[in-house]
Amino acid sequence: MMNVGAHPETRRLARAEGHLQMRPDTLALIGNGSHSRGDVLGIARIAAIMAAKKTADLIPLSHPVPLTHVAVEFELDPIAHRVRCEASVETVGRTGVAMEALNAVNGALLTLYDLCKQLDRDMQLNGIRLLEQRCIETG
């Protein structure tokens, strides 16, 4: 584990995104709220927040980070037949939250996959990437 003890405490932010490609009928069920499992986007949002908070338990040698904010947004794209997920994570500390943002996106998309796999076994997770990472001096 990297020694971050000498790093200054700063406000740190990270954003990540990813997509879940699916059949148009699967996307329609998600979009109109008629999935048999209910509000699958709401469930995936909770999964994303939980994944961000558990990152240190899943990624070897990552620091446990006290998160100050996690936001998860979904965008349904009927042209490309996919759900886009974007997660924004913040903390005030000595290390960044890029892994937490990436883990949040993965957690959300894997949850959507799990909830929809009975309808569409050919779904694909794509484009999971870090969009932004920055720190802002707090003192």
* Complete set of residues in segment 56-77 that are within 15 Å of Leu109 (Cα to Cα) and either crowded, with 17+ Cβ neighbours inside 10 Å or among the hydrophobic types (A, V, I, L, M, F, W, C) (or both) -> Ala71, Val72, Phe74, Leu76
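Given the structure, is His81 closer than 25 Å to Leu119 by Cβ and either in contact with a strand residue (DSSP E or B) (Cβ under 7 Å, 6 or more places away or on another chain) or of a type in the set (Phe, Trp, Tyr) (or both)? So that I can check it myself, show each step before the final result.
On the way: closer than 25 Å to Leu119 by Cβ: yes; either in contact with a strand residue (DSSP E or B) (Cβ under 7 Å, 6 or more places away or on another chain) or of a type in the set (Phe, Trp, Tyr) (or both): yes.
Yes; evaluated as a whole, the condition is true for this residue.
Name the residues in segment 39-62 that are outside any helix (DSSP H, G or I) and closer than 20 Å to Glu132 by Cβ, would you?
Residues of segment 39-62 that are outside any helix (DSSP H, G or I), as a first pass: 39, 54, 59-62.
Those that are outside any helix (DSSP H, G or I) and closer than 20 Å to Glu132 by Cβ: Ile59, Ser62.
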* Boolean, Val65 is more than 21 Å from Leu41 (Cα to Cα) and outside any strand (DSSP E or B) -> yes
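Residue-by-condition table, conditions (1) under 18 Å from Met99 (Cα atoms); (2) more than 16 Å from the chain's Cα centre (by Cα); (3) of a type in the set (Phe, Trp, Tyr):
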| site | (1), (2), (3) |
| --- | --- |
| Pro8 | no, yes, no |
| Gly18 | yes, no, no |
| Thr26 | no, yes, no |
| Val40 | no, no, no |
| Ile46 | yes, no, no |
| Met50 | yes, no, no |
| Lys54 | yes, no, no |
| Ile59 | yes, no, no |
| Ser62 | yes, yes, no |
* Hey, Glu75 hits all of (1) in contact (Cβ under 8 Å) with a residue 12 or more places away in the chain; (2) under 19 Å from Leu131 (Cα atoms); (3) not polar (S, T, N, Q) but one; which does it fall short on? -> (1)
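For segment 74-99, enumerate the residues that are in a loop (DSSP other than H, G, I, E, B) and hydrophobic (A, V, I, L, M, F, W, C). Walk me through how you get there before you give the answer.
The first filter runs over segment 74-99 and keeps only residues in a loop (DSSP other than H, G, I, E, B), leaving 78-81, 94-97.
Hits for segment 74-99 are Ile79, Ala80, Val97.
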* Structure fact -> Inside segment 50-88, the number of residues satisfying the requirement of being in contact with a helix residue (DSSP H, G or I) (Cβ under 7 Å, 6 or more places away or on another chain), within 30 Å of Thr10 (Cβ to Cβ) and of a type in the set (A, V, I, L, M, F, W, C) is 12
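Being modelled with pLDDT under 95 and surrounded by fewer than 21 Cβ atoms within 10 Å (Cβ to Cβ), is that true of even one residue in segment 98-111? Working first, answer last.
Just the residues of segment 98-111 that are modelled with pLDDT under 95, to begin with: none.
Scanning segment 98-111 turns up no residue that is modelled with pLDDT under 95 and surrounded by fewer than 21 Cβ atoms within 10 Å (Cβ to Cβ).
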* Give Ala44, Ala48, Ala14 a once-over and let me know the one that is aliphatic (A, V, I, L, M), out of contact with any Leu (no Cβ under 6 Å at 6 or more places or on another chain) and within 29 Å of Asp122 (Cα to Cα). => Ala48
* Whichever residue in segment 10-38 is in a loop (DSSP other than H, G, I, E, B) and exposed (fewer than 14 other Cβ atoms within 10 Å of the Cβ) and, among such residues, is modelled with the highest pLDDT -> Asn32
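The values are calculated or read from the model by the stated rules, or taken from the named source; none is laboratory data. Since this is a predicted model, take the numbers as computed values, not measurements. Neighbour counts are summed over all protein chains in view; Cβ atoms, including those assigned to glycine, are modelled from backbone coordinates with ideal geometry.
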